[in-house]
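Have a look at the structure below before the remarks.
The values are calculated or read from the model by the stated rules, or taken from the named source; none is laboratory data. All values reported here derive from a predicted model rather than from experimental measurement. When we count neighbours, we look across all protein chains shown, and the Cβ atoms used for this are built from the backbone with ideal geometry, even at glycine. Surface areas here come from the heavy atoms of the whole protein model, side chains and all, with no ligands, DNA or RNA. Shrake-Rupley method; radii C 1.70, N 1.55, O 1.52, S 1.80 Å.
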Amino acid sequence: MTVDILITLLIVLAVLGALVSNRVPADMTMMAALVMVLVTGIISPGEALSGFANPGLMTIAALYVVAAALRDTGAIYWVAHRLLGQPKSVLSSQFRLIAPASILSAFLNNTTVVAMMIPAVQEWAQRLRLSASKLLLPLSYAAILGGTCTLIGTSTNLVVDGLVQEKGLPAFGIFDVAWVGVPVLLGGAAFMLLISRFLLPNRASMASQWEDAREYHVEMLVAKGSPLAGRTIQDGGLRNLTYGFLTDIQRDERLFTAVGPEMTLQEGDLLAFVGVPECARELQRINGLQAAHGGAHKLGLNNHQRHLVEVVLSPEFPGIGRSVKETGFRTRYQAAILSISRNGKRVPGKVGEQCLKVGDTLLLETSQQFVEQYQYRRDFMLVSPLKDSTPPDFRRAPQAVAVLVAMVMANVLGLASTLEAAMFAAGLMIALRCVTVNRSRMNVSVNLPVLVVIGASFALGKAMESSGAAAWIVEQVIPDGGLSPFMALVIIYLLTAVFTEMITNNAAAVLVFPIAIGVAEQLGVSPMPFIVAVMFAASASFMTPLGYQTNLMVMGPGGYTFSDYLKIGFPMSVVVAVISLTVIPMVWGF
């Protein structure tokens, strides 16, 4: 063992310890590792920074913009609603969940897919009187499995493909990994449908979490030409909302209360909802509804500029004791009042006629500048923006879907590489105004910490190779007597799987990749089965919430504990490992 090998291994162990402890952000940890391997002379500055110019990394960045456009146009919400349907049982709910989640994750960033579908899953839980914990972890697993079916489905595949191209090997096609990904998806889905119901916990339902929250009375209008007109309340997705419920409908001079699910909506219907602040955000994402009061349309704001904000009136607010109409609130503050909550309870009736009091909480639709301008003014005791509350621009959804289809087809037909197709699609999305330039470069669209982790991890992988640490590990893994290629494949898969449960999936792939190449070279066999094994093992993170971001996203909403992941994740990992290790040699050979 040389000094360089020892230093590299110590840095790797320090990185593993920092990532497992979760005390230091992953991007800071990986950048610190990059600096260490650079200043110790293990790699050159060009090698240290080469990861940030890797095709895989740049493809991921471009796909973030594509996913942002699909979200901002509401295309994702529309597709999900169509695919999810109206399940009637737990089994059909899980089937309806796994199918769209895996399909969408094959072509979109699975983190975006899970974030978008969590509200739909919570809606199911309410409708079926089930705990959301019976559905949210299968959602995460389905997104992970679906992402393995295509090259662009998960960042791990793109990262490994970038490493493959650096080695001078042929790049993967968009559907090359489907030969393994589809059997893995089918096997994992079968396991979840047959077994997961008995292993998943039964936590408190989502509804119980907001029973004591602030209530608002929000009125929405079925707009002229709305796709909701002529559809029933059930088919329109208004029957069981996650954060509120429909109380009555006013049609001309007639008021319908205790509205049934089979009632047909008409243009001009005034729908009254009661719920927590997030209810207004949820209603914005239903194509065909618009705010009935407050004059939000008179603010002159484009869709991407609109946000929901809560404010609490202070004693120094100039309109105390006067009606909303008398205060000229919209003109004075460039904000429309959607609803008023008083002492945690909704204030019914027309917003413009309500008399404002100290401590009233107002739900506003306004611009982002409102928060910056009034956050420290005496008019309000509190100014709190609602996260991710920009309403989708459904008019541009068909364009966004068309660009996505064109991106996939261009790559499948060989007209463009994965990077070229993704970057052209991202540029086209901006040109067609499916997503604005500002939105596309915001952290909510392009996840910079993730990109930093990936780019910096390339440097650590390069150090493993350049220092000889990877070769040294290969010598320890393969005994003098040698191993069969299949046993070596099993070892590489298990090593990657263990790493991905402890650290990030992309970092695990980059660290094990040079080891996998070294094993193939020592055995004198093709490196492709070992490379594919790294791809699938790095994505197969089911046993902990740490290894994959989607697992962490559902932990809070589902009320999961660490042991919940282990209980269902361990058998799931075994199922995926058995299928992967069986199919990979059959498809790629040694």
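Can you pull out every residue in the range 130-147 that is open to solvent by 10 Å² or more (accessible area, probe 1.4 Å) and part of a helix (DSSP H, G or I)? Can you show your working first?
From the range 130-147, those open to solvent by 10 Å² or more (accessible area, probe 1.4 Å) are 130, 134; that's our starting set.
The answer is Lys134, and nothing else.
From the list Leu413, Leu432, which one is hydrophobic (A, V, I, L, M, F, W, C), over 19 Å from Ser155 (Cα atoms), modelled with pLDDT of 80 or more and out of contact with any helix residue (DSSP H, G or I) (no Cβ under 9 Å at 6 or more places or on another chain)?
Leu413
If you go through the range 165-184, how many residues are among the aliphatic types (A, V, I, L, M) and either open to solvent by 30 Å² or more (accessible area, probe 1.4 Å) or at pLDDT below 90 (or both)?
Step one: list which residues in the range 165-184 are among the aliphatic types (A, V, I, L, M), which gives 169, 171, 174, 177-178, 180, 182, 184.
Remaining after also requiring either open to solvent by 30 Å² or more (accessible area, probe 1.4 Å) or at pLDDT below 90 (or both): 169, 171, 174, 182.
Here the count works out to 4.
Report yes if some residue within the range 193-208 is open to solvent by less than 10 Å² (accessible area, probe 1.4 Å) and either of a type in the set (D, E, K, R) or modelled with pLDDT of 90 or more (or both); otherwise report no.
No; the residues of the range 193-208 include none that is open to solvent by less than 10 Å² (accessible area, probe 1.4 Å) and either of a type in the set (D, E, K, R) or modelled with pLDDT of 90 or more (or both).
So, of the residues in the range 1-25 that are loosely packed, with under 14 Cβ neighbours inside 10 Å and within 19 Å of Ser467 (Cβ to Cβ), which turns out to be nearest to the chain's Cα centre (by Cα)?
Leu13
Residues that are modelled with pLDDT of 80 or more: which helices (runs of 4 or more DSSP H) entirely in the range 1-110 hold 2 or more of them? If you could, list the steps in order and put the result at the bottom.
Numbers: elements: 3-21, 26-39, 45-49, 55-72, 75-84, 90-107.
In the range 1-110, 3-21, 26-39, 45-49, 55-72, 90-107 are the helices (runs of 4 or more DSSP H) which contain 2 or more residues that are modelled with pLDDT of 80 or more.
Looking at the range 249-266 only, could you name the residues that are open to solvent by less than 40 Å² (accessible area, probe 1.4 Å) and of a type in the set (Val, Ile, Thr)?
Residues satisfying the conditions are Ile249, Val259.
The rows are residues; the columns are (1) β-branched (Val, Ile, Thr); (2) open to solvent by 20 Å² or more (accessible area, probe 1.4 Å).
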{"position": "Tyr216", "(1), (2)": "no, no"}
{"position": "Thr247", "(1), (2)": "yes, yes"}
{"position": "Gly268", "(1), (2)": "no, yes"}
{"position": "Glu278", "(1), (2)": "no, yes"}
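For the range 510-523, indicate whether the set of residues that are touching a residue at least 40 places away in the same chain (Cβ under 8 Å) and over 29 Å from Ala471 (Cβ atoms) is non-empty.
To start, the set of residues in the range 510-523 that are touching a residue at least 40 places away in the same chain (Cβ under 8 Å) comprises 510-511, 513-515, 517-519, 522-523.
Retained after the next criterion (residues that are over 29 Å from Ala471 (Cβ atoms)): none.
Looking through the range 510-523, none of the residues is touching a residue at least 40 places away in the same chain (Cβ under 8 Å) and over 29 Å from Ala471 (Cβ atoms).
Given (1) open to solvent by 30 Å² or more (accessible area, probe 1.4 Å); (2) closer than 30 Å to Pro170 by Cα; (3) outside any helix (DSSP H, G or I), identify the lone condition not met by Ala416.
(1)
In the range 336-351, what residues are at pLDDT 80 or above and more than 19 Å from Arg281 (Cα to Cα)?
Those that are at pLDDT 80 or above and more than 19 Å from Arg281 (Cα to Cα): Arg342, Asn343.
Of the residues Val182, Val164, which single one is aliphatic (A, V, I, L, M) and under 22 Å from the mean Cα position of the chain (by Cα)? Walk me through it before giving the result.
Values: Val164 fails: under 22 Å from the mean Cα position of the chain (by Cα).
When all the criteria are applied, what remains is Val182.
Out of curiosity, is Ser314 modelled with pLDDT of 85 or more, over 14 Å from Asp379 (Cα atoms), of a type outside the set (A, V, I, L, M) and open to solvent by less than 30 Å² (accessible area, probe 1.4 Å)? It would help to see each step written out before you state the result.
On the way: modelled with pLDDT of 85 or more: yes; over 14 Å from Asp379 (Cα atoms): no; of a type outside the set (A, V, I, L, M): yes; open to solvent by less than 30 Å² (accessible area, probe 1.4 Å): yes.
It is false that Ser314 is modelled with pLDDT of 85 or more, over 14 Å from Asp379 (Cα atoms), of a type outside the set (A, V, I, L, M) and open to solvent by less than 30 Å² (accessible area, probe 1.4 Å).
Collect the residues in the range 535-590 that are open to solvent by less than 20 Å² (accessible area, probe 1.4 Å) and without any contact (Cβ under 8 Å) to a residue 24 or more places away in the chain, keeping them in residue-number order.
Matches in the range 535-590: Pro545 only.
Cβ contacts < 9 Å: first residue in contact (Cβ under 8 Å) with a residue 24 or more places away in the chain, restricted to the range 420-439; second residue among the aromatic types (Phe, Trp, Tyr) and in a helix (DSSP H, G or I), any location; separation 6+ or different chain. Result?
That search, which allows pairs on different chains as well, returns Ala426/Tyr64.
In the range 221-239, how many residues are open to solvent by less than 10 Å² (accessible area, probe 1.4 Å) and in contact with a Phe, Trp or Tyr (Cβ under 9 Å, 6 or more places away or on another chain)?
1
Could you please give the count of residues in the range 32-43 that are surrounded by fewer than 17 Cβ atoms within 10 Å (Cβ to Cβ) and within 30 Å of Ile152 (Cα to Cα)? If you could, list the steps in order and put the result at the bottom.
Going through the range 32-43, the residues surrounded by fewer than 17 Cβ atoms within 10 Å (Cβ to Cβ) turn out to be 32, 35, 39-41.
Of the ones still in play, those that are also within 30 Å of Ile152 (Cα to Cα) are 32, 35.
Residues meeting the conditions: 2.
Give, as residue ranges, the strands (runs of 3 or more DSSP E) completely inside the range 318-403 that count at least 3 residues that are open to solvent by less than 20 Å² (accessible area, probe 1.4 Å). Quick ask: steps written out before the conclusion?
On the way: elements: 336-342, 361-367, 380-385.
So the answer is 336-342, 361-367.
Any chance you could count how many residues in the range 493-534 are among the polar types (S, T, N, Q) and open to solvent by 30 Å² or more (accessible area, probe 1.4 Å)?
Counting residues in the range 493-534 that are among the polar types (S, T, N, Q) and open to solvent by 30 Å² or more (accessible area, probe 1.4 Å) gives 3.
Just checking, how many residues over the range 366-404 are of a type in the set (Lys, Arg) and within 15 Å of Arg332 (Cα to Cα)? Even if it seems obvious, please write down each step before you answer.
Taking the range 366-404 and keeping what is of a type in the set (Lys, Arg), we get 377-378, 387, 395-396.
Now narrow it down to the ones that are within 15 Å of Arg332 (Cα to Cα): 377-378.
Residues flagged as of a type in the set (Lys, Arg) and within 15 Å of Arg332 (Cα to Cα) within the range 366-404 amount to 2.
Hey, Gln476 hits all of (1) among the polar types (S, T, N, Q); (2) more than 19 Å from Ile5 (Cβ to Cβ); (3) at pLDDT below 80 but one; which does it fall short on?
Here Gln476 meets the rest and fails (2).
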